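In what follows, a structure is listed as structure tokens, so that the remarks can point back to it.
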């Protein structure tokens with residue numbers, strides 16, 4: 001038999017859901033596409049939060065709603081400079097959000113979020129600037145041929161690194177492990193991913209990197225450690241709310257600086 005596993009078939013034709021028919025079917029009453037076109041907005045910041053942070057008040061206005069199953073994730077216009085999108089969990093849903101915003105004209109995508117620390121030789125207070133992601137999920141294989149890693153965009157990652165170098169936040173540039181199944185982060189799997197260079201585990205990065213490469217977008221991600229995935233146990237760090245807010249504020253300042261420079 002010549003059959004191969006569906007996950008690695010890698011068809012390269014365009015999807016049945018595509019930019020043209022998506023734009024035709026969208027409810028234009030709920031979306032002001034001309035607003036982002038007239039202001040030359042082409043950049044997005046993905047964040048993860050189940051509450052609207054108070055420090056975003058008076059800076060945002062609702063732009064779009066991404067509906068996925070029983071969840072809705074709102075997208076906001078931040079000071080008419082960039083889109084601020086609350087991302088769903090996991091590669092398929094997060095990837096769908098990137099696809100829809102890409103159809104609307106977005107080209108530069110940044111994300112900040114939490115990850116489980118697997119390499120405990122690293123200070124847990126450091127941020128992780130992702131240079132590549134291990135593809136232990138499914139979404140990326142529908143966009144790129146099979147490989148162990150998929151890289152983030154060098155230009156955006158270096159821009160973020162330059163900004164971080166001027167801040168008070170310490171970081172490392174390293175690989176992350178993207179998985180679909182956090183209950184299957186087994187001791188053997190953790191050991192293997194550490195050998196492959198990953199310092200943390202999360203559920204979206206490889207998918208976003210792959211979609212960006214396929215669509216010729218640019219993508220970069222900054223992570224913080226929210227929990228510890230150890231051989232002997234799992235531990236949630238309950239005191240990370242301030243750190244999460246700080247990384248969002250940091251990324252908003254970066255985005256304001258980035259979009260200002262991109263305008264010239």
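The values are calculated or read from the model by the stated rules, or taken from the named source; none is laboratory data. Worth saying up front: this structure is predicted, and the values here are computed from it rather than measured. As a convention, Cβ positions derive from the backbone with ideal geometry for all residues, glycine included, and neighbour counts pool all protein chains shown.
Taking residue 115 as the residue in question, decide whether it is part of a strand (DSSP E or B), touching a residue at least 40 places away in the same chain (Cβ under 8 Å) and under 21 Å from residue 207 (Cβ atoms). Yes; evaluated as a whole, the condition is true for this residue. For the stretch 27-74, a tally of residues being out of contact with any strand residue (DSSP E or B) (no Cβ under 9 Å at 6 or more places or on another chain) and more than 30 Å from residue 202 (Cα to Cα) returns 9.
Residues in the stretch 167-191 that are assigned to a loop (DSSP other than H, G, I, E, B) and either in contact with a strand residue (DSSP E or B) (Cβ under 9 Å, 6 or more places away or on another chain) or touching a residue at least 24 places away in the same chain (Cβ under 8 Å) (or both): 167, 169, 170, 180, 181, 185.
If you go through the stretch 67-85 one residue at a time, how many are outside any loop (DSSP other than H, G, I, E, B), touching a helix residue (DSSP H, G or I) at 6+ places or on another chain (Cβ under 9 Å) and at pLDDT 90 or above?
Of the residues in that region, 9 qualify.
When residue 113 is tested against the conditions (1) modelled with pLDDT of 95 or more; (2) surrounded by 22 or more Cβ atoms within 10 Å (Cβ to Cβ); (3) within 11 Å of the chain's Cα centre (by Cα), the lone failure is (1).
When you go through 41, 23 one by one, which is the residue that is over 18 Å from the mean Cα position of the chain (by Cα) and part of a loop (DSSP other than H, G, I, E, B)? After applying the criteria, what remains is 41. From the list 91, 105, 95, pick out the single residue that is at positive phi and in contact with a helix residue (DSSP H, G or I) (Cβ under 7 Å, 6 or more places away or on another chain). From the options 91, 105, 95, the qualifying one is 105.
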